[in-house]
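Following: one structure in structure tokens, then a few remarks.
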Amino acid sequence: MAIVLYAALGLAAITIIGNLMLAKWNAQRVETRISERAEAYLASLEREGLPEPLSAMSDIERREAVLSAGREVRAESDRRFYLATIGGMAVFFVALGFGIEAGGMRAFVLALAVGGAALYGVTVFMRRSLRSRLAARGLDAERLRTT
């Protein structure tokens, strides 16, 4: 059990440090990608017709609103990723504690299942909340998402 615990701690440290380094290195690339997606989305909105909340804005205001929404989509995606990663590690350690203290593999698997379901529910709630906030402003979160 100690080997599993040390392996999980090492993996957690590598994951967190690696993701922080990648986020710093990719910041400019991500900003360029968000700008490209915003321009493409604005062009498609011009072809398809503007939603009511955006039709009252000038071109500059509309562009800034779409860029802001693109950054918001990216930030929310990062929040969900870190919540799932750190939450998954916390669920693993709690499940490991249940497995050690409460009686073996059944308690471990049950704690993992409950924790996984809770994390999934929270991330789905966060995703739907973002979509509804953007839909109220006349924007589609899926069309602004960058990979």
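The values are calculated or read from the model by the stated rules, or taken from the named source; none is laboratory data. Everything quoted here is computed from the prediction, not taken from an experiment. Cβ placement follows ideal geometry from the backbone for every residue including glycine, while neighbour counts extend to all protein chains displayed.
Within segment 90-132, how many residues are under 27 Å from Ala40 (Cα atoms) and free of Cβ contacts under 8 Å to residues at least 40 places away in the same chain?
Filtering segment 90-132 down to residues under 27 Å from Ala40 (Cα atoms) leaves 124, 126-132.
If we keep only those that are free of Cβ contacts under 8 Å to residues at least 40 places away in the same chain as well, we get 124, 128-129, 131-132.
Residues meeting the conditions: 5.
Condition first: aliphatic (A, V, I, L, M) and touching a helix residue (DSSP H, G or I) at 6+ places or on another chain (Cβ under 8 Å). Now tell me which residues in segment 14-49 satisfy that.
Let us first name the residues in segment 14-49 that are aliphatic (A, V, I, L, M), namely 14, 16-17, 20-23, 27, 30, 34, 38, 40, 42-43, 45.
Passing the criteria: Ile16, Ala23, Val30, Ile34, Ala38, Leu42, Leu45.
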## Note on the structure
When (1) small (Gly, Ala, Ser); (2) surrounded by 14 or more Cβ atoms within 10 Å (Cβ to Cβ); (3) at pLDDT 90 or above are applied to Ala113, the one that fails is (2)
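Among the residues of segment 53-60, are any in contact with a helix residue (DSSP H, G or I) (Cβ under 8 Å, 6 or more places away or on another chain) and of a type in the set (Val, Ile, Thr)? Spell out the reasoning first.
Step one: of segment 53-60, the residues in contact with a helix residue (DSSP H, G or I) (Cβ under 8 Å, 6 or more places away or on another chain) are 53-54, 57.
Those still in the list that are of a type in the set (Val, Ile, Thr) too: none.
No - not one qualifying residue is present in segment 53-60.
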### Task
Would you be able to say whether some residue in segment 73-90 is assigned to a helix (DSSP H, G or I), modelled with pLDDT under 85 and at negative phi?
no
### Task
Would you mind telling me which numbered condition in (1) part of a helix (DSSP H, G or I); (2) surrounded by fewer than 16 Cβ atoms within 10 Å (Cβ to Cβ); (3) of a type outside the set (Lys, Arg) Met57 fails?
(1)
## Note on the structure
Just one listed residue, out of Arg47, Arg63, Arg37, is over 19 Å from Ser132 (Cα atoms), out of contact with any Leu (no Cβ under 9 Å at 6 or more places or on another chain) and not hydrophobic (A, V, I, L, M, F, W, C), and it is Arg47
